[in-house]
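I have placed the structure first, in the form of structure tokens, so that the comments after it can refer back to it.
The values are calculated or read from the model by the stated rules, or taken from the named source; none is laboratory data. Everything numeric in this text was worked out from a predicted model, so none of it was measured. Positions of Cβ are generated from backbone atoms using ideal geometry, with glycine treated the same way; all protein chains shown enter the neighbour counts.
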Number of protein chains: 4
Amino acid sequence: MLIVMKQDATDAQVEEVLSVIRGLGFKPHPMPGATRTAIGITGNPGAIDPRHFEMLGGVAEAIRVSKPYKLVGRDLKHEDTIVKIGDVSIGGSVPAIIAGPCAVESYDQTMAIAEVVASAGVKLFRGGAFKPRTSPYSFQGLGESGLKILAAVREQFGLSIVTEVLDTETVDLVEEYADIVQIGARNMQNFSLLRKIGQAKKPAILKRGMSATLDELLLAAEYIMAEGNYNVILCERGVRTFADHTRNTLDLSIVPAVQQRSHLPIIVDPSHGTGKREKVIPLARASIAVGADGIMVEVHNQPEQALSDGPQALLPEMFRQLVTDVNAIHKILTQPEHAAATL
Amino acid sequence: MLIVMKQDATDAQVEEVLSVIRGLGFKPHPMPGATRTAIGITGNPGAIDPRHFEMLGGVAEAIRVSKPYKLVGRDLKHEDTIVKIGDVSIGGSVPAIIAGPCAVESYDQTMAIAEVVASAGVKLFRGGAFKPRTSPYSFQGLGESGLKILAAVREQFGLSIVTEVLDTETVDLVEEYADIVQIGARNMQNFSLLRKIGQAKKPAILKRGMSATLDELLLAAEYIMAEGNYNVILCERGVRTFADHTRNTLDLSIVPAVQQRSHLPIIVDPSHGTGKREKVIPLARASIAVGADGIMVEVHNQPEQALSDGPQALLPEMFRQLVTDVNAIHKILTQPEHAAATL
Amino acid sequence: MLIVMKQDATDAQVEEVLSVIRGLGFKPHPMPGATRTAIGITGNPGAIDPRHFEMLGGVAEAIRVSKPYKLVGRDLKHEDTIVKIGDVSIGGSVPAIIAGPCAVESYDQTMAIAEVVASAGVKLFRGGAFKPRTSPYSFQGLGESGLKILAAVREQFGLSIVTEVLDTETVDLVEEYADIVQIGARNMQNFSLLRKIGQAKKPAILKRGMSATLDELLLAAEYIMAEGNYNVILCERGVRTFADHTRNTLDLSIVPAVQQRSHLPIIVDPSHGTGKREKVIPLARASIAVGADGIMVEVHNQPEQALSDGPQALLPEMFRQLVTDVNAIHKILTQPEHAAATL
Amino acid sequence: MLIVMKQDATDAQVEEVLSVIRGLGFKPHPMPGATRTAIGITGNPGAIDPRHFEMLGGVAEAIRVSKPYKLVGRDLKHEDTIVKIGDVSIGGSVPAIIAGPCAVESYDQTMAIAEVVASAGVKLFRGGAFKPRTSPYSFQGLGESGLKILAAVREQFGLSIVTEVLDTETVDLVEEYADIVQIGARNMQNFSLLRKIGQAKKPAILKRGMSATLDELLLAAEYIMAEGNYNVILCERGVRTFADHTRNTLDLSIVPAVQQRSHLPIIVDPSHGTGKREKVIPLARASIAVGADGIMVEVHNQPEQALSDGPQALLPEMFRQLVTDVNAIHKILTQPEHAAATL
């Protein structure tokens, strides 16, 4: 914490601030400058609300210095976290591809899409059995019978299953069927759900909220880790801005920012990030090029008949091309001379 | 739904679109223009995803026309909803003031603040027993013992109680103690919670999410109403923007926008909207001046010792002035000549 | 400037930072904490780019402390600036109302509207002769003949004239006719124009850019003041957000924020801020209630025939009611007991 | 234009709207639906302000259908515009790289950086002689002597020169020295400057404003083209959002969106888009992967001594690696099977 005094703060006001800091058991470090005095604080065990000091006379501003998260940070754990699901890794040297329909709609549809995904060499299958919908009158998912279809996909194709959990009541049920549970953007700060997932045993994909800052995303992950579940995968899926040419504005700059501050893997969902199929492939390529640990995309064999988000689903041949592109771009990033230059 | 064809769309492409519309059982209305053709659609029972048509050849754009909400809309119910809690109304001719501490911290603190609130003639008391906090390491509220303190406030001062509910597990418990349950901004799209509140009997304050559009706010209220709870009060509390001089950007323009489309009452929370005490009073006055049905503000007798959000809490004498200002401004808005001029 | 070292920064890295600071001629103030070291800097004559230090080894973050503006700040000049135009003041104890059409369209229209404005007791008349339009094919204003009509308004009704200047080429021309020159939101960072206005003799209204921070707004004013023109009036006119129920999101919280940091007066334009007439009156009332030094609104006698922005123009009887409301609300804010309580 | 009537609109109100439309000389197309009537309009020569109709009784909403731009659109010109500067093309099959210092600071610095750029096989050199700065007290560029240094770079290294023009007064001067003139983000809606550039003969790079929509960007380009200069290159450089981990939020989704609607080439500036060197390389790679026609990056031989924006400048060896990566990624995008799959 750094307290910046106003230019016209009196000596008495500076003294008062020093005395308040000492009274809290912290150590003040006054730094008189040419035009104003600043006061550093050390010795505080955790974050202090800057506004507490801004109430004192003569104080211009109080600036928070320490980051409020611990377990997610690189300060505490230097090496990258690698989440393992069967023989697949997220966060390691190979980019993970998670693909499947937005929603599980029927046994036949899900099997047909799973066949497309598996035959492209992809190992992780996504599909929603519980769907969060803006309107109460929209299709809300098949529920447990959807989960059973996903279990059949795993059995038949050997794919690991990623599926969303919407509330604490269904965490146990979803965890029974899923290999990775997904927390959606609208639930990023549903703290009861985060804690419950923290007590679960399956890895979790945590999607960034529509207007979440980097710190908020990391603190949401901290909620999960604080309960003991260390296998958290962050996911960028677009944020809300004034821009009206896209459903959400995919913020790829968060990928290197996360990698600098946290050891957790980060993937990108360009399907929800853009809302239209034609933009999914270019932005999926860009996600890998920016250095993400993987992508999550929607694939559908008959998108014109999809019950939700059909227009953003890739057609099978588009998906196969995407897998090729992703692998080719990733190869460029891992060439030895490349690695050397960016170290 | 309106389909806009590209300038160079062929007659065959137009025919194809007409045929798809008819195939869905809807009625197409082609309108050939000088440079391009547009096609209206009627006969659809609910909303259609515009992107379904944008996949067809020759289509430039598909534009949604009908609003997706029903129960919250003025189309279905013209007259304003007035929510009654004891002898207080929210949405009627008198602006409602809801005041109290951010969090219930102790019996003594809560009683002291309740005394301030009651003695200013205010009837609705707020205080959080369950607190949603960005960090897992911050104070999370007193839980049920906090609710018991609130019950004591009601008994001693005759104040009605507004308190937040965080998750479905605690809805029954909170409802037992509260007169109005509050759904926080982070939970605006926690659909399981909305449904559960819809089944509850107590009125609900629904706070706008940090980046929620007007439609999303109204659809969240629709979730509650669709379950049978019609006593919903909307609450603006600031949205997230690039602006860095305020914690959130209070969007007062949503008040007349809500009033135009919905019969539900809307109040404003300038305390969370601004994050700093000096801004709360001006923005509370502005909230009433813009026509809101009430305000919710934080008051604290010793804000420098508050466990959460102390810097945004009003001091007792500030609060009393605010009540005076609110009533005076409201009086201006309800003078007969004023009403006549804005009809 | 405050340098925050990483938790694992070595002593050598701390020494290197200290040495760089000394090498620049500044004074470092190291503050070793329990988990990390922070280093304050004093003695720097102006702002330093924080990123310069973030390039050094072991540095986690560099935080700018001093504000980069001087002439606009309260640190240098405590008392409020009052801009006088004839016998009207902006920034004093009476709220200023500036009213008129969006664009000067014809002699008759302008005179008819001026009659409405003058008869409501308002002294400042606005009207654009040069119009900034998003499309090159929209009406661009009458140019000098529009300015001549404005001069006729001044002569006939004794109104002072506010009109926009679009580029450096026309500053001299506009200044010849205007009593106050207005710089539009799109030109807030047109630095050549700001400098030229700084050399002009007429007061200037500087509108906040669509995504300008408070600091950027104040620095734009600093450009004008640095050239010698101290009569600058800031104007909030709405910022760009994701919200789709309003053209712009009027950010009234900037009013108390400006008043805290700067001595310059600040007014609000709720007409451009909302884009629709029904919202102009509520938000104009709110602007006064929040403490703005005035409002600027569009009035039109025949808005359905206006060449630009007719739908946001107030009808004459609405405008008269607004003037009454503004004065009544302002009176509440200036009652003695009110002033005492908010000091 | 499509007029949507309210559910309870009377027949008389519908008739009134039809009559107003006919009165304007346009053709109404009423479409009575189950719950409400919609009315299409054709025959209007240009865009109509939707708000004009929203003032009529019984009207719920008026929706604009036609896009307001012409020359920039693909409707009028199908094939991609390729801008040629000497033997380099922007918009063709090879991605363009524009590199150099943020500002021209001295002859020696500029020559040293030009040597780095030229030796990497890059043909386009950037460097600012006139710098737009938020603060009036920051370095504002060397002016004409900076332009002369750029001319020396062209002569010695055969590089083509890209440099920014800040105002109409200096357009002729800058055009004399530059091969491409650049219009900065803050000037995107400086319409006088756009028109003047439209009359110039050199190609122009038009940077997207900090909160410009796609339509506004295209209309700004339309201003230039409407004056006769058809060689316009659009440039994404990041938009302003709530996100605080990056200077601006680079919006790569605008690249495919521009390519769908306009024939103009679009490049990306990841240096200003991110503000920090470590993020420039990943986002430059992503820019090419998303399909941009080129990138513009800052390179500096001694960034720690740069007078502006040093922290975002690439070091020479980073730059050389970037050129390699860009070419490798672009190669993937242009493989025959790739092209086939995305058609």
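Just to be sure I understand the filter: pairs with C-beta atoms under 8 Å, separated by 6 or more residues or on different chains, first member in segment D:252-270 and buried (at least 24 other Cβ atoms within 10 Å of the Cβ), second member in a loop (DSSP other than H, G, I, E, B) and basic (K, R). Which pairs pass?
D:I254/D:R208; D:S262/D:R74; D:V268/D:R237; D:D269/D:R237
Can you name the number of the only condition in (1) surrounded by fewer than 20 Cβ atoms within 10 Å (Cβ to Cβ); (2) within 30 Å of A:E216 (Cβ to Cβ) that D:A151 fails?
Evaluating D:A151 over (1) surrounded by fewer than 20 Cβ atoms within 10 Å (Cβ to Cβ); (2) within 30 Å of A:E216 (Cβ to Cβ) leaves (2) as the failure.
Mind telling me which of the residues B:R285, B:R277, B:R208 ends up being in contact with a helix residue (DSSP H, G or I) (Cβ under 8 Å, 6 or more places away or on another chain) and surrounded by fewer than 24 Cβ atoms within 10 Å (Cβ to Cβ)?
After applying the criteria, what remains is B:R277.
For segment A:1-24, which residues satisfy the criterion of being within 12 Å of another protein chain (Cβ to nearest Cβ) and surrounded by fewer than 22 Cβ atoms within 10 Å (Cβ to Cβ)?
Of everything in segment A:1-24, those that are within 12 Å of another protein chain (Cβ to nearest Cβ) and surrounded by fewer than 22 Cβ atoms within 10 Å (Cβ to Cβ) turn out to be A:K6, A:Q7, A:D8, A:A9, A:V20, A:G23, A:L24.
Can you run down the residue pairs with Cβ atoms below 6 Å, 6 or more apart or on separate chains, where the first is in segment C:169-197 and closer than 13 Å to C:G209 by Cα and without any contact (Cβ under 8 Å) to a residue 40 or more places away in the chain and the partner is in a helix (DSSP H, G or I) and of a type in the set (K, R)?
From residues that are closer than 13 Å to C:G209 by Cα and without any contact (Cβ under 8 Å) to a residue 40 or more places away in the chain, the pairs are C:Q189/D:R186.
Please identify the pairs in which a residue from segment A:202-227 that is touching a residue at least 12 places away in the same chain (Cβ under 8 Å) has its Cβ atom under 6 Å from the Cβ atom of a residue that is of a type in the set (D, E), counting only partners at least 6 apart or on another chain.
Here the result reads A:K202/A:E175; A:R208/A:E236, each pair linking segment A:202-227 to a residue that is of a type in the set (D, E).
Can you pull out every residue in segment C:236-250 that is of a type outside the set (S, T, Y), over 10 Å from the mean Cα position of the chain (by Cα) and either within 18 Å of D:T241 (Cβ to Cβ) or buried (at least 24 other Cβ atoms within 10 Å of the Cβ) (or both)?
C:G238, C:V239, C:R240, C:F242, C:A243, C:D244, C:N248, C:L250
Going by the structure shown, is D:P50 buried (at least 17 other Cβ atoms within 10 Å of the Cβ), under 26 Å from C:S138 (Cβ atoms) and in contact (Cβ under 8 Å) with a residue 12 or more places away in the chain?
Taking the combined requirement at face value, the residue satisfies it.
Looking only at residues in segment B:49-93 that are out of contact with any Ser or Thr (no Cβ under 8 Å at 6 or more places or on another chain) and among the polar types (S, T, N, Q), which one is farthest from B:I180 (Cα to Cα)?
B:T81
Pick from A:V83, A:V94, A:V72: which is within 14 Å of chain B (Cβ to nearest Cβ) and not charged (D, E, K, R)?
A:V72
Does B:V122 count as in contact with a strand residue (DSSP E or B) (Cβ under 8 Å, 6 or more places away or on another chain), among the hydrophobic types (A, V, I, L, M, F, W, C) and assigned to a helix (DSSP H, G or I)?
Taking the combined requirement at face value, the residue does not satisfy it.
For segment D:39-57, indicate whether the set of residues that are more than 28 Å from the chain's Cα centre (by Cα), more than 11 Å from every other protein chain (Cβ to nearest Cβ) and under 30 Å from D:L214 (Cα atoms) is non-empty.
no
Take the residues in segment B:211-235 that are small (G, A, S) and touching a helix residue (DSSP H, G or I) at 6+ places or on another chain (Cβ under 9 Å), then tell me which one is farthest from C:R240 (Cα to Cα).
B:G228
Before we move on, is A:V117 surrounded by 23 or more Cβ atoms within 10 Å (Cβ to Cβ), under 24 Å from the mean Cα position of the chain (by Cα), β-branched (V, I, T) and not in a strand (DSSP E or B)?
For A:V117, the condition - surrounded by 23 or more Cβ atoms within 10 Å (Cβ to Cβ), under 24 Å from the mean Cα position of the chain (by Cα), β-branched (V, I, T) and not in a strand (DSSP E or B) - is met.
For segment A:86-98, state whether one or more residues are in a strand (DSSP E or B) and either over 24 Å from the mean Cα position of the chain (by Cα) or on the phi > 0 side of the Ramachandran plot (or both).
Looking through segment A:86-98, none of the residues is in a strand (DSSP E or B) and either over 24 Å from the mean Cα position of the chain (by Cα) or on the phi > 0 side of the Ramachandran plot (or both).
Could you list, in sequence order, the residues of segment D:82-92 that are within 23 Å of D:L219 (Cβ to Cβ) and either at pLDDT below 80 or crowded, with 19+ Cβ neighbours inside 10 Å (or both)?
Residues satisfying the conditions are D:V83, D:I90, D:G91.
Mind checking which residues of segment C:124-148 are crowded, with 20+ Cβ neighbours inside 10 Å and basic (K, R)?
Scanning segment C:124-148 gives C:R126, C:K131.
Residue check, D:G128 against (1) within 18 Å of the chain's Cα centre (by Cα); (2) over 21 Å from D:P311 (Cα atoms), all met but one. Which one?
Going through the list (1) within 18 Å of the chain's Cα centre (by Cα); (2) over 21 Å from D:P311 (Cα atoms), D:G128 breaks only (2).
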